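Structure, as structure tokens:
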Amino acid sequence: MKKTAIVTGGASGIGQKTVQNLHAQGWDVWCLDINVPDPSVRVETSPGVSYLQCNVADPQSVRAAISCIAQSVDKIDALICSAGVLRTGRLTDQTPDEVDLMMGVNVKGPWLMVRESVHLLKKNSTPDSPTRVVFVGSISGIRPKVGAGFYGASKAALHVLTGVLAVELAADGILVNAVAPGTVDTPMISAATKTGAAATYKPSGESPLGRIATVDDVANVILLFLDNSTKYVTGTVLPVDGGTRAAFLPK
């Protein structure tokens, strides 16, 4: 039987690569994103890949998307929350709207997604045959960065939710883990370094391995969390940063 996954933020970056990887492995994938080919309807771009517009920070939008999915499937095997936003600047310069956006999409969004889809994740899941939730956190939630303080705070909060949800949902056979990427070559990072706030925000740059991450580097670890070999792993926040946070490297 084919497995089914929901991926938020699946129209670009890490989420898009995750959708592609899952589809290549034979999964049916529901891609939820605020930017989709046609926001008014479900769009199936290829057999097994369906796009729905969804603002993950909006409870009604999340509820409508999950309700639509539930009309086609009675269970899901994985929920990957990759939708995220970054607004840069000094803490005292950031606006309430920017903070609300980051906390809404980066923290409230994953919580809403789990809350609305947990009944689909619980269906037929057991500790021996678990379903999976994977959050895309950030190394900024472990090692905060000047110029992106509220972004780091939102990802640190997401890491906390990872652990608490993992314990709360363990008896239901649902594993909850997170990846914590360092600098990744994505449209979000490209946009952040081109804004007026770029003077206060600097990407971490090359890792000790001599490069920044690609979307493949992160998406491949997401797949690892979905593999049967990791069915005893839950509540983990795994850095995917090429060793950036392992020790300070003087320049």
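The values are calculated or read from the model by the stated rules, or taken from the named source; none is laboratory data. Worth saying up front: this structure is predicted, and the values here are computed from it rather than measured. Backbone-built Cβ (ideal geometry, glycine too); neighbour counts: all protein chains shown. Calculation scope for accessible area: heavy atoms of the full protein, side chains included, ligands and nucleic acids excluded. Shrake-Rupley method; radii C 1.70, N 1.55, O 1.52, S 1.80 Å.
Size descriptors for the stretch 45-162: radius of gyration and Dmax over Cα atoms are 16.0, 49 Å.
Available extension along the chain between Ala64 and Thr214 is 50.8 nm, counting 0.36 nm per residue and deducting the alpha carbon span.
Gain in length, Asn35 to Asp185, computed as 0.36 nm per residue apart minus the alpha-carbon separation, to one decimal in nm? Could the numbers behind the result be given before it?
Numbers: separation 150, 0.36 × 150 = 54.00 nm, distance 1.95 nm.
Fully extending the segment from Asn35 to Asp185 adds 52.1 nm.
For the set Thr244, Thr126, solvent exposure ranked by accessible area (probe 1.4 Å, protein chains only) runs largest to smallest as Thr126, Thr244.
Overall size of the stretch 1-98 from C-alpha positions, given as principal axis extents largest first: 52, 27, 23 Å.
Computed over the chain, the per-residue total of -39500 (n - 2.57) for DSSP H runs of n ≥ 4 gives a 222 nm mean residue ellipticity of -10500 deg cm²/dmol, rounded to 500. Residues Arg132, Arg115, ordered by accessible area of protein heavy atoms at a 1.4 angstrom probe radius and largest first, appear as Arg115, Arg132.
Under 17 Å from a label point set 7 Å out along the Cα-to-Cβ vector of Thr95, the amide N atoms of the stretch 140-184 belong to 150-151.
With the charge dipole of the chain set up from +1 on Lys and Arg Cβ and -1 on Asp and Glu Cβ about the Cα centre, the Cα lying farthest toward the positive end among the listed residues Gln94, Gln25, Val215 is that of Gln94.
The simple spin-label model puts a point 7 Å past each Cα toward its Cβ; for Lys122 and Ser12 those points are separated by 3.6 nm.
Computed from the C-beta positions of Ser72 and Gln25 and an R0 of 25 Å, the FRET efficiency is 0.80 to the nearest 0.05. Annotation: per residue accessible area for the chain equals 47 Å², rounded to a whole number [probe 1.4 Å, protein chains only]. Note on the chain: with neighbouring protein chains present and a 1.4 Å probe, carbon and sulfur make up 55 percent of its accessible heavy-atom surface. Under a Cβ-Cβ cut-off of 13 Å, what is the net charge of the residues other than Gly235 that fall near it, where Lys and Arg count +1 and Asp and Glu count -1? Residues near Gly235 contribute 0 overall.
Nearest-5 percent of antiparallel DSSP beta bridges in the chain? Don't skip to the end; give the middle numbers.
Working: 4 of 34 bridges.
Here the share of antiparallel DSSP bridges comes out near 10 percent.
Each residue was assigned an accessible area with a 1.4 Å probe, and for Arg245 the value is about 110 Å². Of Leu22, Leu209, Leu120, which is the most mobile in a GNM of the chain whose springs link Cα atoms less than 10 angstrom apart? Result: Leu209 has the largest fluctuation of those listed. The length gained by stretching the chain between Ser46 and Val164 to full extension, at 0.36 nm per residue less their Cα-Cα distance, is 38.9 nm.
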